[in-house]
Amino acid sequence: MPLSARNRLAGTVQSVETEGLMAEVEIETDGGQTVTAVITANSAERLGLAEGEAVNAVVKATEVLVESRE
């Protein structure tokens, strides 16, 4: 399915933790960073997410906040 989101981070599923209606998916990007997504358990099952699977973390947001680290 084509998406309008342009921010895609290629990576590999490191873990899928399902609890009730929600699932937490940890993805290690090809650049070595970790991205964690919280999705419905139904979506995780429908996508067949499992450890070691190649996926894209797709980021679509209406705003990005910037915080000073000083």
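Can you tell me which residue in the stretch 1-18 is modelled with the lowest pLDDT, limited to those that are polar (S, T, N, Q) and outside any loop (DSSP other than H, G, I, E, B)?
Across the stretch 1-18, the extreme among qualifying residues is Asn7.
Looking only at residues in the stretch 16-58 that are surrounded by 14 or more Cβ atoms within 10 Å (Cβ to Cβ) and of a type in the set (Ser, Thr, Tyr), which one is nearest to Pro2 (Cα to Cα)?
This residue is Thr29.
Output the qualifying pairs, or none if there are none: Cβ atoms under 8 angstrom, residues six or more apart or on different chains, first residue in the stretch 1-19 and more than 14 Å from Thr29 (Cβ to Cβ), second residue at pLDDT below 95 and surrounded by 12 or more Cβ atoms within 10 Å (Cβ to Cβ).
Leu3/Val58; Ala5/Val58; Ala5/Val59
For a quick check of your reading of the model, give me the residue pairs whose first member lies in the stretch 47-70 and is free of Cβ contacts under 8 Å to residues at least 60 places away in the same chain, whose second is in a loop (DSSP other than H, G, I, E, B), with beta-carbon atoms closer than 7 Å and at least 6 apart or on different chains.
Val58/Leu3; Val58/Ala5; Val59/Ala5; Lys60/Ala5
In the stretch 27-53, what residues are under 11 Å from the mean Cα position of the chain (by Cα), among the small types (Gly, Ala, Ser) and not in a helix (DSSP H, G or I)?
Of everything in the stretch 27-53, just one residue is under 11 Å from the mean Cα position of the chain (by Cα), among the small types (Gly, Ala, Ser) and not in a helix (DSSP H, G or I), namely Ala37.
The values are calculated or read from the model by the stated rules, or taken from the named source; none is laboratory data. Worth saying up front: this structure is predicted, and the values here are computed from it rather than measured. Note: ideal-geometry Cβ built from the backbone for every residue, glycine included; neighbour counts use all protein chains shown.
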